[in-house]
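Q: Please find one structure pasted underneath; my questions will follow.
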Amino acid sequence: MLHPNTFQCDSLLTIIFGAQVLEEQLGRHGDAGILMRPFVESLLADVRERLIFRAQAFIREEVANFRPSSDNLHSLGKLEFTAAANHPSGAAITIELPTLGYVTESNMTPMISDDECNSNSTTSGRTKGSHRWFPPLEHTLSCLATLYRCLDARTFSGLAQEAVQLCSESIQTGSRVIMRQTGALEGQLFAIKHLLVLREQIAPFEPDLAAHSVPVRELDFSHMRGQMQRMLVGELSLFSTSSNANALLVLAAKGAPRVVESTVDSRRDLERHLKLACEAYIMSVTRQIVEPMLSFITKVTAVRVSGTLADIMPIYNAAFATPERLAEIVARVNDALVSDLPASVAKMSLCLSGTATREIIFNPIKSNIAEAHSQISALIEAEYNFEDGKLIGLKSPVELAQIMDAML
């Protein structure tokens, strides 16, 4: 039976490695070795087939059919609680990740040594801080690390493509659960963190994944939709005697489904999911900080386009755009800059240990915030007088840059 938490095929692996060694030695034994070779090859084929079956069952049960619960979803709230308990001073915390013999999100190197592996991880996947990976991710990587040494490249690639794709989908499912339980930012960071780990840990397998892509054949019915639309608008008729206008003849000749061939590229899909998760997080943080400004700019644009206010009249004549109302909006954004933004950056730093990764994500957030301030500044200069501008209290580009540069 499959172990519920780990991919254990020790007996199968022992037979495979033993048979491989025996097969290498057969040439030294003359006729006896020749007689033994078919038996050894048959044994290897049978054991590998059994290993593939168990791997597929394991991936199906522990990755594809995994249903996350609050106990195994390491949301940011739990991490923050642990960090606060262990570091009362509030210093920045870096969560170490188990490596399973490969790279970590913090170093971005192709491989690391066995000594580094042994010092940073244990067989259970726990680190010094007792933090674990999301179970489907842990199971996927342990399974691939086992199979990589035992199967030919093409067979391994097929299993790896499926495992990586299902693992990515499971991570996204866990992210959605966290979004419902804790919040959008926490769920997005959960997805970013684990997709990054998955991408980095499969780096040793990428040559095999790239060289042995899995072909997929699908039926394409898209062109049939066009013929059905022609029937609905009267271009085709069931009773027409013309071969070009008879609906049945046209559907038979041009409406048959087409076979479309493509390849499964789990690496490309993983990159796409990671990009979408990062973009969603960037936009969520941006809206959290400057949403009042964005809403104000949208209202100003709508008023100008609709002609509600004469072009020659300054926008501050509108009730929603008085200097006092705009000052309130700017004050809300200023408060968010010194409270909400540092909190979001702290969560990101807690979840993502790599400085380069955090900078890649935070730089667009800084640009978006600066752009919103720039638009408000241009509006103040065009629509408000000098005294009103001082009342509004918008931060200058230098002040804004100093605040945000000090965050990371």
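The values are calculated or read from the model by the stated rules, or taken from the named source; none is laboratory data. Predicted model, so just to flag it, every value in this text is computed and none were measured. We place every Cβ from the backbone using ideal geometry, glycine too, and count neighbours over all the protein chains shown.
Q: Look at G183 and say whether it is surrounded by 17 or more Cβ atoms within 10 Å (Cβ to Cβ) and at pLDDT below 95. Steps first, answer last, please.
A: On the way: surrounded by 17 or more Cβ atoms within 10 Å (Cβ to Cβ): no; at pLDDT below 95: yes.
No, not satisfied.
Q: Go through (1) within 17 Å of A184 (Cα to Cα); (2) at pLDDT 95 or above; (3) surrounded by fewer than 17 Cβ atoms within 10 Å (Cβ to Cβ) one by one and return the number of the condition Y281 breaks.
A: (3)
Q: Please note which helices (runs of 4 or more DSSP H) are completely contained in segment 321-408 and include at least 3 residues that are closer than 30 Å to F134 by Cβ.
A: Helices (runs of 4 or more DSSP H) meeting the threshold: 340-351, 355-383.
Q: Being at pLDDT 90 or above and acidic (D, E) narrows it down to one residue among E218, E200; which is it?
A: Values: E218 fails: at pLDDT 90 or above.
Sole residue among the options that is at pLDDT 90 or above and acidic (D, E): E200.
Q: Condition first: within 16 Å of D265 (Cβ to Cβ), in contact (Cβ under 8 Å) with a residue 40 or more places away in the chain, of a type outside the set (F, W, Y) and assigned to a helix (DSSP H, G or I). Can you find one or more residues in segment 172-191 that meet it?
A: No, segment 172-191 contains no residue that is within 16 Å of D265 (Cβ to Cβ), in contact (Cβ under 8 Å) with a residue 40 or more places away in the chain, of a type outside the set (F, W, Y) and assigned to a helix (DSSP H, G or I).
Q: Hey, any hits in segment 284-296 for a residue that's over 30 Å from G187 (Cα atoms) and either surrounded by 15 or more Cβ atoms within 10 Å (Cβ to Cβ) or in the same structural domain as E381 (by TED's automatic domain parsing) (or both)?
A: no
Q: Could you please find all residues in segment 42-68 being polar (S, T, N, Q) and without any contact (Cβ under 8 Å) to a residue 12 or more places away in the chain?
A: Answer for segment 42-68, where residues must be polar (S, T, N, Q) and without any contact (Cβ under 8 Å) to a residue 12 or more places away in the chain: S42, N65.
Residue-by-condition table, conditions (1) under 30 Å from the mean Cα position of the chain (by Cα); (2) outside the structural domain of A184 (by TED's automatic domain parsing); (3) buried (at least 17 other Cβ atoms within 10 Å of the Cβ):
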position	(1), (2), (3)
V305	no, yes, no
A321	no, yes, yes
P342	yes, yes, no
I365	yes, yes, yes
A372	yes, yes, yes
E381	no, yes, no
